Amino acid sequence: MTYDDQDYLRRDPLIERVLISSDDLAKRCCQMGNELSRDYDGSVPILVCILKGAYVFLADLTRCLSIDHEVDFMAVSSYEGGTQSTGVVKIIKDLRVNITDRDVVIVEDIVDSGLTLSYLIDMLGTRSPRSIRVCALLDKVSARRKDVPIDYRGFEIPKEFVVGYGLDYDEKYRNLPFIGVLKQ
Ligand code: 5GP
């Protein structure tokens, strides 16, 4: 069965429009997977998926990798269910693997203010990894409050609240196969 983004849109009055289609997500994801495979050839990087939002991206990204790699998960919270950043980052679930002397790739769904990522880079940096890079699907660059390096960027998007492809609004919409803009 093929999923038609526009069909879904017609059925849900709370989604204003499709910002990035499922086809474009699939293509870009594989380009990013190819870049990672090229850059980490000869290494076995640990992909650190930031839960919950990045789980769909990670699943698609890893299936486009041609190198050996490990995955692990961290859960953090910076938003308390609404659409505004609180600036407070809480670690809800930490890594199980030891990242000392390992190449780490942080896999994020979206970088908005940059506060979460900045905290994560500093915190993981204290564990003496060989390297830390960031792979983020979406970059809301105009919302940045803290400058953070993004080594692999999927799409630059405008300052709008988006859902789908793992991203939620009050735990809903993670299952959408596209990135959509929520009506405010
Ligand atoms: P930052 O700390 O960069 O402001 O926010 C990072 C986190 O906020 C993301 O990992 C994501 O969970 C959440 N976030 C930021 N912008 C959006 C958005 O447009 N939609 C959704 N669903 N979550 C967002």
Where TYR119 falls short, out of the listed (1) closer than 26 Å to SER142 by Cβ; (2) at pLDDT 95 or above: (2)
Breaking point among (1) modelled with pLDDT under 95; (2) within 9 Å of the ligand (Cβ to nearest atom), for ARG174: (1)
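Those residues that are open to solvent by 60 Å² or more (accessible area, probe 1.4 Å) and within 16 Å of the ligand (Cβ to nearest atom), I need them from segment 24-57; list them, please. Can you show your working first?
Within segment 24-57, the first condition is being open to solvent by 60 Å² or more (accessible area, probe 1.4 Å), and the residues that meet it are 24, 27, 31, 34, 38-39, 41-42, 44, 52, 55.
Within segment 24-57, LYS52, TYR55 qualify.
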LEU36 vs. criteria at pLDDT 95 or above, in a helix (DSSP H, G or I) and of a type in the set (A, V, I, L, M, F, W, C): yes
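I'd like to check which strands (runs of 3 or more DSSP E) are fully inside segment 73-184 and have at least 1 residues that are open to solvent by 40 Å² or more (accessible area, probe 1.4 Å) and in contact with a Gly (Cβ under 9 Å, 6 or more places away or on another chain).
Values: elements: 90-93, 103-111, 131-139, 152-156, 179-182.
The qualifying strands (runs of 3 or more DSSP E) are 131-139.
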ASP109 being modelled with pLDDT of 95 or more and within 12 Å of the ligand (Cβ to nearest atom): yes
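Answer yes or no: is there a residue in segment 170-178 that is more than 20 Å from ASP4 (Cα to Cα) and not aliphatic (A, V, I, L, M). Break it down into steps so the answer makes sense when it comes.
Restricting attention to segment 170-178, the residues satisfying the condition of being more than 20 Å from ASP4 (Cα to Cα) are 170-171.
From what is left, the residues that are not aliphatic (A, V, I, L, M) are 170-171.
Checking segment 170-178: at least one residue is more than 20 Å from ASP4 (Cα to Cα) and not aliphatic (A, V, I, L, M).
Could you look through segment 9-20, keep only residues that are farther than 20 Å from TYR55 by Cβ and in contact with a strand residue (DSSP E or B) (Cβ under 9 Å, 6 or more places away or on another chain), and pick out the one that is least open to solvent (accessible area, probe 1.4 Å)? Steps first, please.
If we filter segment 9-20 for residues that are farther than 20 Å from TYR55 by Cβ, which is where we start, we get 9-18.
Among the residues that remain, those that are also in contact with a strand residue (DSSP E or B) (Cβ under 9 Å, 6 or more places away or on another chain) are: 9, 12, 14-18.
On the way: LEU9: 34, ASP12: 24, LEU14: 97, ILE15: 5, GLU16: 91, ARG17: 81, VAL18: 35 Å².
Here the residue is ILE15.
The values are calculated or read from the model by the stated rules, or taken from the named source; none is laboratory data. Everything quoted here is computed from the prediction, not taken from an experiment. For neighbour counting, all protein chains shown are included, and Cβ atoms are generated from backbone atoms with ideal geometry for every residue, glycine included. With ligands, DNA and RNA removed, areas are computed over all heavy atoms of the protein, side chains included. Shrake-Rupley method; radii C 1.70, N 1.55, O 1.52, S 1.80 Å.
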